[in-house]
Structures are given as C-alpha cells and as structure tokens.
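Enquirer: Here it is: the structure, laid out below.
The values are calculated or read from the model by the stated rules, or taken from the named source; none is laboratory data. Not measured: the values here are computed from a predicted model. Heads up, the Cβs are rebuilt from the backbone with ideal geometry, glycines too, and the neighbour counts pull from every protein chain shown. Calculation scope for accessible area: heavy atoms of the full protein, side chains included, ligands and nucleic acids excluded. Shrake-Rupley method; radii C 1.70, N 1.55, O 1.52, S 1.80 Å.
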Amino acid sequence: MAIFMAMSKFLHHIKPPAGFSLGLKELWQYRELFYFFTWRDIKVKYKQTSLGIIWALLQPLGMMVIFTFLFSKTLKIDSGNINYPIFVLSGLILWNLFSSSVSHAGESMIQHSNIIKKIYFPRLIIPGSSILVAFFDFMMGLLIFFVLCIFYKQSISWAAVLYFPAGIIIVLLASFGVGTFLAALNVKFRDFRYTIPFLLQVLFFASQIIYPLFSIQQQWLKYLLAINPMNAAIELFRSPIAGTSPDISVLSIGLISTLLFFLLGIFYFRKTESYFADLS
Amino acid sequence: MKPAIEIRNLGKEYTLASAQPYISLRDVLTGTFKSIIQTNRKKKEKFWALKDITADIMPGERVGIIGRNGAGKSTLLKIISRITPPTTGEAIIRGRVGSLLEVGTGFHPELTGRENIFLNGSILGLKKIEIIKQLDEIIDFSGVNNFIDTPLKHYSTGMQLRLAFSVAAHLEPEILLIDEVLAVGDLEFQKKCLGKMEQVSKEHGRTILFVSHNMDIIRKFCSSAILLAKGILIDKGDTTHIISEYISNHSQTNSEANWPEGLYSLNKELKLNRVYLHNKSNDLLSKFDTTEAIGLTIEYEVINDNIKFTHGINLYNSENQNVFNSHDISFALNETKRKKGEFIAKVWIPENLLPEGLFSLSVALFNPNPLDIFIHEHEVLRFEVFTDFSKRNARGNYSNNFPGIIRPLLDWELEKK
C-alpha cells in the first residue's frame, strides 16, 4: 500500500509529439533498466564464448602484433619516443571502444525492435547500453595496456590522470553521437546498416592509430583529420606516454566536432524516436 | 475522484506508403529519381487506426476492450502505454503504467530463469527491490523451482510461459494494460494468473485495461467494457450489455461482399470486385454443415500487367485463432507476371475439416516472395458451421461438448485378431 501511495505522483500527458527535450529526468527514472540491459549484454557475451573475457583482449593484442610487425619492423614508421607496440595499442584500444560502440549502437534499435514495439521506455537506453558494454571491454583492454607498459618499461607522466579520462570521455561522447544517429537512421532506412562497416574502415585510416598525426607534413590535411574526434582522443592518450604536450589545434578542433556529433546524434534520435515503434 | 485515464479525442493515423513498413535508402534515391522523370509519385494512403476516442476510466475499473481484428484495440493500448504517439487528441494518465502486450518480453535464452525474472521484471517496470521482495513468490507461482538456475534455452515452451506469466502476475502498477497475451499457455495457469491480477486489482484499487477475444474471460474479469469498431468507440458501459451488443453484431454471417466501384490496391494495379461463399451447387450460403465443402470465389481485375501476385485467404475461428492460411501456389511456382483482365478464383475448404462454430475469412491479393501485399481485406466474410446429424459426420451420434480446432472425419480400421 505504501508503494501504491508513493507512486500516485506519476502523471503522464500523452499528446502528439512536439518540442524537444533531452529527457534526462526520465532516463534517470529508468536507470535500473539501463543497468539490466548492460548487465544482460555483458553476461550473455561472456557466457556464449568459451574463452570469455580473454576474447575481448585477444583481438587488440593480435592487431598490435600484426601492426608492430608491419609498420615498425618493415615500414619503419616513426612513433616518436614511444615503443611502437605501446604506441599502436594505445590507439587500438580507443579505436575498439569507438568502433564497437558505433557498430553495436547503430544496429541496436533493429535488434531490439521486438521490445520497442511492446514496451515503452526511453529509447536512448538501448544504444546507451551498447556503448556501456563496449566500455566494459575497453576497461579490460586498458588493464592489459598498463600491464604492457610495465613490460616494456614505458614511463607515463602524471598528466595521464587528467588526459586519459579526457580522451575516454571524448570517445564516449563521439560514439554516443554517431551511434545514436546511425541507430535512428537504421530504423528509417533499413539498408543504411551496410554502410557502417565501410564508414568505420575509412575512419580507422583517418585516425592516428598506426601512424602519428605529427608525421603529416601538410597542415591542411592535419586539420582536416582533426575533425575526426578519435585523433584528439588518441592525442590525449599518447602525450603523457611520450612526455610531450598535446597539439592544441588538434585538440580544439576535435573537441568542437565531438560536441557537434554528440548533439546531432542525440537531437536526431530524440526527434525520430517516437515513431520507432511504428517503423520497426 | 479524478479518472485514472482520461482519453480526449484520441486519434492515430498510419501512412501506408508501401507494403514495407520501413523505407530503404535505395527506394528513396531511386524513388526521387523516378519521380523527377515520371512525375507520378507513389500515392500515400492514410488510414485512421483510431478516430476521435473519448473515454474516462476511473481508478479500480477493470475495462475489457472488445472489437474485431483491426478495430484499434491494440493501437489504443499502445498509445496509452506510450509505445507510439497519437496523431490527434490527448490522454492524461494518473499513475504508474505497466503494460503487458506480450509475455516474456526481453527473455534471453542464455540467461537462467532467475536472471530472466530480473530482466523481464525490470523491462515491465518493476524496481529491483520490488523484484527481490517478490522473487520467492514469483518462483513458487511459476512452479519451475527446480530449474530456476538453468538457462532458459533448456526450458520447454510451457515452462517459459509459466515463468513469464508469473512475473507478469506480480506486476503492481496502478494501471495495467493487458493485450491478448493470455490467449497462449495452458488454461489452468491462465486462470491462476487472472485470479492473482483480479485479487491485486480489488485489494489495491488498480485499474486494468484488458483486450481479449475470449468473452468468457472478459465477462468474469472485467467490471465494464468498451466496444470498438474500425477505430471508433461504439459504446462503453456494463460488461454484459457490451458483450451482447458485440455478439449480436459479431455473430451475423454474410455470404457475400461486393464492391460495386471496385476495391483498388494502393497504386491501382488491382481491383477487388466481389467475394462470396457457396456450396457445390453454387448457392450463395453462409451456413454450412460439417460434411459440406465450402466454396469461396474471389472476383478481381488486373489493371496493370507485369505485376506478380497470387490470391489467398486467412481463416479465423471465433476465438480468433488463425485456423489456417492458404494461397494459390501455382503462380508462385512459375513466377509468371499476370496479364490484364478480369479473373475469378475459386477455392474449396474441404468437407469434414472445420468443427461447428463461427468463422471469419480474410482475403488477400499479394506476392508471397518478396512479400508485397496489394489488397488484404480483413474478415470480409463470416460463416457458420453446424452439424447435421442426419449425415455421416465426425461426431457420429455424440452430441456433447466436442472440442478441437479441426474436426476431421478419419477412417478407422478394425480387424479381428
């Protein structure tokens, strides 16, 4: 009875959609569902594979070995004063966070179309929890990254305490923006999903993962690449390792574009979400 | 006391742009291209699934929502549960809403029964502490205690349903919306769930909106009822009164549906003229005895050639179970494009197949693969099947309750050993 009385404050006014709000208050009300979706995806992911969590680590490590062999030993890319394996892995773990966030969030609305048609909850939870799952994998990757830093006796300056979280936040905001935008587009244009792998492929090479941005001679190209938020994030990650200060122009361009991506994604998603149940 | 749900002039319009509910980017690109050169844009057909619904539902009311297929019952629940927004009008909901449009929403086969209770409960709007508080009760109620820590994929369908129902039965929102979910699962367990919900509703004054085709359940469970037809609210009031209004309407049979002007498909490729039921001697009929074959004739016209399609039917019984569907597979097999002209398609529902009761038929002109529906008329014809004891029928001379979805007359062999 106590619960019943306490809930009487709930009042919904249902009317044709108009206006725009982020719906943060409602997201907060539904935080448990957010948690359960994320928990389910992580649990199922690691239940289904016999290798479990190791699987999340093998992939970036394998890539690191291949890239080190190709670009450090064979093509001799100048990675500054960082060991190339550390150099490439710092880019790879951030990239993996972005690419798996974007691809999973992008597909998430279609995968959950059945739930969307049957139950109401703030739709942002779905791409949001896909990103949290990717973030969980990332934390595992980050752990391995630190272990390797010790292994290669790579020193990291104290600036990392500030720069690492800042880099991670940039990736999360950018993936959230791009992921929600693609998720909403995917509901409306069902063949849009086929463009996502291609888009990610292009972005991979437009990010300073296997090469450093400072090695690019043309200023205009550097600024163009800086629009890709990944470059600012990787810049923030690498500068405490290299012991240099990050390129301010790359950072500021990246930060502005991150915010724009974030706002665009969330705005488009919120604007179209009320019709998801009719479309999917 | 203020109503728990105030519905004011609520309407929902769907746009039928094409047979696919979603659009492909390719279609948009090629579509704009085509429209530039051809200028005959695909005409978008709009249709009102709900129109101008106004009703007040008081706290503690248990309202049954009755109506034929496509009357707008599910759309109404979807709007009230905020799954889809209305096109016009508004609704004010006072209280926490729980909706049960499907049992076991979000169930995951890899997770254990216990884990799924938490997941499903949370999707249905239960708080974690509420689930923990009721966990033992939910498990006991479901009767799958021994398997509760086994992954759901090892459960039988029946066990999964019991688990899903028992989470649903323990929902305690102030307003509960239930769609036809209770039509599945074993009858005893359904009754147990309904009993539990009814008890909750009575003790705590919970409001329930309940969609069902099963009039017995509505009669027993609901304190009042709403009758919808073609998106319009026909009547609201006392359950018995509304049910009898619906039945007198619903039980009318019709042997023929006619469209003097023709019923056109969206882009006017096809036109349906007439459908009718008849016996072997071609008499128009809407009542058949079980030993008679039931003939259905569909008359239509192909206006544009070069479209691929076939004709088909869906048959529903009075419980709204889909008894069977059928379409002419001769076109599907050789993939021919159809020529212009008027056609008469005839199909026979064999004798000794259907039991007694009321049935409704939907007629469709469509391409099965890739699916493209040109015309789909829901429940155009309604007929009754009865037993004629003077004929050799599957009942023999047994006249008591004889359940079953079909009633074949089987050949029995007997020999002396």
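Enquirer: Here is a list of conditions, (1) within 15 Å of the chain's Cα centre (by Cα); (2) surrounded by fewer than 21 Cβ atoms within 10 Å (Cβ to Cβ); (3) under 30 Å from B:P86 (Cα atoms), and A:R193 meets all of them except one; can you say which number that is?
Expert: Just one mismatch for A:R193, condition (1).
For (1) surrounded by fewer than 22 Cβ atoms within 10 Å (Cβ to Cβ); (2) in contact with a Leu (Cβ under 8 Å, 6 or more places away or on another chain); (3) free of Cβ contacts under 8 Å to residues at least 40 places away in the same chain, each residue gets a yes or a no:
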residue: A:L94; (1), (2), (3): no, no, no
residue: A:N114; (1), (2), (3): yes, no, yes
residue: A:A134; (1), (2), (3): no, yes, no
residue: A:F146; (1), (2), (3): yes, no, yes
residue: A:I156; (1), (2), (3): yes, no, no
residue: A:A159; (1), (2), (3): yes, no, no
residue: A:F164; (1), (2), (3): yes, yes, no
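Enquirer: Hey, could you check region B:53-79 for residues that are within 14 Å of another protein chain (Cβ to nearest Cβ) and open to solvent by 30 Å² or more (accessible area, probe 1.4 Å) and say which is farthest from A:A18 (Cα to Cα)?
Expert: Applying the filter and picking the extreme gives B:P59.
Enquirer: How many residues does region B:209-258 contain that are open to solvent by 40 Å² or more (accessible area, probe 1.4 Å) and part of a loop (DSSP other than H, G, I, E, B)?
Expert: Residues flagged as open to solvent by 40 Å² or more (accessible area, probe 1.4 Å) and part of a loop (DSSP other than H, G, I, E, B) within region B:209-258 amount to 5.
Enquirer: Still on this model: Test A:V88 against the criterion of being surrounded by 22 or more Cβ atoms within 10 Å (Cβ to Cβ) and β-branched (V, I, T), and give yes or no.
Expert: Values: surrounded by 22 or more Cβ atoms within 10 Å (Cβ to Cβ): yes; β-branched (V, I, T): yes.
Yes, satisfied.
Enquirer: Further, regarding this structure: Just one of (1) part of a helix (DSSP H, G or I); (2) among the charged types (D, E, K, R); (3) closer than 25 Å to A:S21 by Cβ trips up A:R123, so point out which.
Expert: Going through (1) part of a helix (DSSP H, G or I); (2) among the charged types (D, E, K, R); (3) closer than 25 Å to A:S21 by Cβ one by one, A:R123 breaks only (1).
Enquirer: Which condition does B:Q160 not pass, out of (1) away from chain A (no Cβ under 11 Å); (2) over 30 Å from B:S251 (Cβ atoms); (3) buried (at least 23 other Cβ atoms within 10 Å of the Cβ), if it passes all the others?
Expert: Condition not satisfied by B:Q160: (3).
Enquirer: Of all residues in region B:80-114, count the ones that are facing chain A (nearest Cβ under 9 Å), buried (at least 21 other Cβ atoms within 10 Å of the Cβ) and without any contact (Cβ under 8 Å) to a residue 60 or more places away in the chain.
Expert: Qualifying residue count, region B:80-114: 4.
Enquirer: Further question: Whether any residue in region A:35-50 is away from chain B (no Cβ under 13 Å) and not in a loop (DSSP other than H, G, I, E, B) is what I want to check.
Expert: no
Enquirer: A further question follows. Does B:F359 fit the bill of being touching a strand residue (DSSP E or B) at 6+ places or on another chain (Cβ under 8 Å) and either touching a residue at least 40 places away in the same chain (Cβ under 8 Å) or under 20 Å from B:H250 (Cα atoms) (or both)? Reasoning before the result, please.
Expert: Values: touching a strand residue (DSSP E or B) at 6+ places or on another chain (Cβ under 8 Å): yes; either touching a residue at least 40 places away in the same chain (Cβ under 8 Å) or under 20 Å from B:H250 (Cα atoms) (or both): yes.
Spelling it out, B:F359 is indeed touching a strand residue (DSSP E or B) at 6+ places or on another chain (Cβ under 8 Å) and either touching a residue at least 40 places away in the same chain (Cβ under 8 Å) or under 20 Å from B:H250 (Cα atoms) (or both).
Enquirer: Does B:K271 qualify as being touching a Phe, Trp or Tyr at 6+ places or on another chain (Cβ under 9 Å) and at positive phi? Steps first, answer last, please.
Expert: Details: touching a Phe, Trp or Tyr at 6+ places or on another chain (Cβ under 9 Å): yes; at positive phi: no.
Here the answer is no, as B:K271 does not meet what is asked.
Enquirer: Looking at B:L177, B:L263, B:L209, can you tell me which residue is at pLDDT 85 or above and either over 24 Å from B:I138 (Cα atoms) or touching an Asp or Glu at 6+ places or on another chain (Cβ under 8 Å) (or both)? Write out each step before concluding.
Expert: Values: B:L177 fails: either over 24 Å from B:I138 (Cα atoms) or touching an Asp or Glu at 6+ places or on another chain (Cβ under 8 Å) (or both); B:L209 fails: either over 24 Å from B:I138 (Cα atoms) or touching an Asp or Glu at 6+ places or on another chain (Cβ under 8 Å) (or both).
Testing whether each residue is at pLDDT 85 or above and either over 24 Å from B:I138 (Cα atoms) or touching an Asp or Glu at 6+ places or on another chain (Cβ under 8 Å) (or both) leaves just B:L263.
Enquirer: For region B:369-394, which residues satisfy the criterion of being in contact (Cβ under 8 Å) with a residue 12 or more places away in the chain and either among the polar types (S, T, N, Q) or part of a loop (DSSP other than H, G, I, E, B) (or both)?
Expert: First, pick out the residues of region B:369-394 that are in contact (Cβ under 8 Å) with a residue 12 or more places away in the chain: B:369, B:371-388, B:391-394.
Hits for region B:369-394 are B:N369, B:T387, B:D388, B:K391, B:R392, B:N393, B:A394.
Enquirer: Would you check if B:I83 is in a strand (DSSP E or B) and more than 21 Å from B:L194 (Cα to Cα)?
Expert: Values: in a strand (DSSP E or B): no; more than 21 Å from B:L194 (Cα to Cα): yes.
The answer is no for B:I83.
Enquirer: Moving on. Hey, does region A:164-186 have a residue that's over 14 Å from the mean Cα position of the chain (by Cα) and either β-branched (V, I, T) or not in a helix (DSSP H, G or I) (or both)?
Expert: First pass over region A:164-186, keeping only residues over 14 Å from the mean Cα position of the chain (by Cα): A:164, A:184-186.
Then keep just the ones that are either β-branched (V, I, T) or not in a helix (DSSP H, G or I) (or both); that gives none.
Looking through region A:164-186, none of the residues is over 14 Å from the mean Cα position of the chain (by Cα) and either β-branched (V, I, T) or not in a helix (DSSP H, G or I) (or both).
Enquirer: So, A:S129, is that one within 14 Å of chain B (Cβ to nearest Cβ) and among the hydroxyl-bearing types (S, T, Y) or not?
Expert: Numbers: within 14 Å of chain B (Cβ to nearest Cβ): yes; among the hydroxyl-bearing types (S, T, Y): yes.
Yes; evaluated as a whole, the condition is true for this residue.
Enquirer: Moving to a separate point now. Let me spell it out: the conditions are (1) surrounded by 15 or more Cβ atoms within 10 Å (Cβ to Cβ); (2) modelled with pLDDT of 90 or more, and A:L260 meets all of them except one. Which number is the exception?
Expert: Evaluating A:L260 over (1) surrounded by 15 or more Cβ atoms within 10 Å (Cβ to Cβ); (2) modelled with pLDDT of 90 or more leaves (1) as the failure.
Enquirer: Out of region A:215-251, which residues are surrounded by fewer than 19 Cβ atoms within 10 Å (Cβ to Cβ) and closer than 20 Å to A:S155 by Cβ?
Expert: Listed by number, the residues that qualify are A:G243, A:T244, A:S245.
Enquirer: Same structure again: What are the pairs, 6+ residues apart or on separate chains, where a residue within region A:13-31 that is exposed (fewer than 14 other Cβ atoms within 10 Å of the Cβ) and at pLDDT 75 or above has its Cβ under 6 Å from a residue that is among the aliphatic types (A, V, I, L, M) and outside any helix (DSSP H, G or I)?
Expert: Short answer, once both residue conditions are applied: A:H13/B:I92.
Enquirer: Output the number of residues of region B:115-142 satisfying the condition of being more than 7 Å from chain A (Cβ to nearest Cβ) and open to solvent by 50 Å² or more (accessible area, probe 1.4 Å).
Expert: Summing the residues that are more than 7 Å from chain A (Cβ to nearest Cβ) and open to solvent by 50 Å² or more (accessible area, probe 1.4 Å) in region B:115-142 gives 6.
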